[in-house]
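Throughout, read-outs are computed from the coordinates displayed, never taken from laboratory work. Quantities reported herein were computed from a predicted structural model and do not represent experimental measurements. Glycine gets a Cβ as well: all are built from the backbone with ideal geometry, and neighbour counts include every protein chain shown.
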Amino acid sequence: MKHLKCLLATLVIGLIFHMPSVMAQDSEMGLAKLSAADESRYREILSRTVDPSWLNLKKIQSYKEKQVAAAMLGDYQGREENLIEWSKIDIDGKWNLRGYLSGIGKFQESVNVGNEIISLTKYPPSAARIRSYVAMDYLSINNISKAEELFKSAENIMKYEFGNVRPDARSAYWIARAEAELYMHQSIFLMRKGKSEESLVLGKLATEKSKVLMKLLSSVDSEPTYKYYAKANATLALLNVINQQIGMGQFVTAEWSLRDALKFAKENDFNQNHMSGFNIISSDILNGTGRYEQALPYIMISQKTHLDQGFSKATSRWMRIRSKELTALSGQDQWDRAYKVLQESYEDTKGTLYEPKNTLNGK
């Protein structure tokens with residue numbers, strides 16, 4: 001009980017931004033709902049069984065179609081079993097399994113799969129990318145030194161080996177994607193270390209590399225998963241810059257940047273099932289400018305989306321969403337509700353990596 005009150009008091013001290021609204025929200029904010037025909041088509045793809053007697057090439061194609069369908073539906077329930085089977089016959093399956101495990105907060109398992117991919121990967125752009133992703137997993141479990149080691153390794157690959165890659169359209173795609181992802185991840189890493197200015201510079205560089213990447217998608221027309229994740233990572237690069245701007249108190253700029261990111265997402269076929277990141281950032285902007293009551297609906301939608309997509313409460317994303325709720329409630333002096341959120345959060349994380357004893361005092 002004493003720890004709960006101390007944690008609540010600490011969060012309240014952080015509520016220091018009270019800027020007036022400079023841009024009203026409008027009906028154009030948000031992404032369109034997936035059409036009934038598309039939803040039905042994607043559901044049908046997910047329902048298909050993968051026959052063990054099929055040749056591996058046919059199995060791999062089916063797994064890839066299922067992965068894109070799940071992503072477009074925002075439906076990841078029961079995905080782990082399929083991803084494990086895919087990972088047994090194809091390195092792309094391992095990449096997707098690692099991403100899934102990281103997304104649900106199983107960072108050590110993600111690291112294990114990631115290190116296996118590192119040992120199997122020689123192609124320079126892919127070698128740099130996987131080191132960048134595993135570095136982010138290490139960052140998530142507070143292994144800063146290991147994260148830094150992998151980022152340096154990825155940088156060296158980019159600096160000394162990219163020039164040896166055959167100069168064709170497909171390689172140009174992979175090089176641009178590797179650069180965009182590495183810069184974005186390094187930006188997050190630098191922000192974590194308190195280097196805000198350097199972080200923002202790299203974040204913006206990641207968005208520029210993403211623009212280059214978008215012009216190269218025709219080289220992977222036959223690979224829908226590559227096209228989807230390139231677009232997804234380009235959107236994440238934009239959201240990362242907004243996060244940096246929020247962290248530096250640049251709320252007006254962040255609000256305009258959010259509109260640009262939504263416009264980009266719309267133009268690249270993202271739908272309402274992909275709004276979670278946008279909703280979380282919207283709540284950050286609203287909380288940061290003292291619009292606590294307006295922030296709560298975004299937070300509640302984010303919570304529903306997280307659970308509807310099949311993710312556990314014992315994840316970093318869920319705890320991040322709950323922290324936004326605490327901020328919004330405390331900003332409105334709704335202390336009883338805020339205290340209840342803290343109690344529920346303790347219960348949600350009991351016995352996990354996110355239990356307070358594992359996260360308080362920098363542990």
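Below 23 Å Cα-Cα, how many Lys pairs turn up in the range 123-260? Only count pairs eight or more apart in sequence, or on different chains, if you could.
24
Which order do peptides 122-132, 60-70 fall in by mean Cβ count within 10 Å, highest first?
Result, highest mean Cβ count within 10 Å first: 122-132, 60-70.
Taking the Cα centre of the range 123-260 as origin, sum charge times position over the Cβ atoms of Lys and Arg (+1) and Asp and Glu (-1), and report the length of that vector in debye to the nearest 20.
Values: 18 positive and 15 negative charges, 19 e Å.
Value, rounded to 20: 100 debye.
Under the classification rounded if a/c is under 1.5, otherwise prolate if a/b is larger than b/c and oblate if not, where does the range 123-260 fall, given a ≥ b ≥ c as square roots of the Cα gyration tensor eigenvalues?
oblate
Just to confirm the number: angle between the C-alpha axis of helix 107-120 and the first principal axis of the chain, 0 to 90 degrees, nearest 10?
That helix lies at roughly 30 degrees to the long axis.
Could you calculate the contour length gain from residue 263 to residue 89, that is, 0.36 nm times the residue separation minus the distance between their Cα atoms, to one decimal place in nm?
58.9 nm
Only four residue types carry charge here, +1 at the Cβ of Lys and Arg and -1 at the Cβ of Asp and Glu. Report the dipole size of the chain about the Cα centre in Debye, rounded to the nearest 20.
For this selection, approximately 520 debye.
Using Cα springs under 10 Å in a Gaussian network model of the chain, which residue among 85, 267, 208 shows the largest mean-square fluctuation?
267
Can you give the local net charge around residue 76? Use residues other than it whose beta-carbon is closer than 15 angstrom to its beta-carbon, Lys and Arg +1, Asp and Glu -1.
On the way: positive: 43, 66, 79, 98, 106, 304, 313, 317; negative: 75, 80, 81, 308.
With Lys, Arg at +1 and Asp, Glu at -1, the neighbours total +4.
Tell me, what is the FRET efficiency for residue 40 and residue 120 to the nearest 0.05, using R0 = 41 angstrom and their Cβ-Cβ distance as r?
On the way: r = 37 Å, r/R0 = 0.91.
For residue 40 and residue 120, the calculated efficiency is 0.65.
In what sequence do 302, 222 fall when counting other Cβ within 10 Å, fewest first? Working shown, then result.
On the way: 302 26, 222 7.
Least to most surrounded, the residues fall as 222, 302.
Angle, helix 276-288 long axis vs. longest principal axis of the chain, Cα atoms, 0 to 90°, nearest 10?
Around 30 degrees separate the two axes.
Along the positive direction of the dipole of the chain (beta-carbon charges: Lys, Arg +1; Asp, Glu -1; about the Cα centre), which of 178, 250, 219 reaches farthest?
With unit charges placed on the Cβ atoms, the residue in question is 178.
Hey, with R₀ at 51 Å, roughly what FRET efficiency would residue 58 and residue 337 work out to, going by the Cβ-Cβ distance, to 0.05?
0.45
How would you rank 284-296, 194-206, highest first, on the average number of other Cβ atoms within 10 Å across their residues?
Listed from highest to lowest mean packing, they are 284-296, 194-206.
Want the number for residue 215 to residue 170: 0.36 nm per residue separation, take away the alpha-carbon distance, what's left? Mind showing how you got there, number by number?
Numbers: separation 45, 0.36 × 45 = 16.20 nm, distance 1.17 nm.
Taking residue 215 through residue 170 to full extension adds about 15.0 nm, to one decimal.
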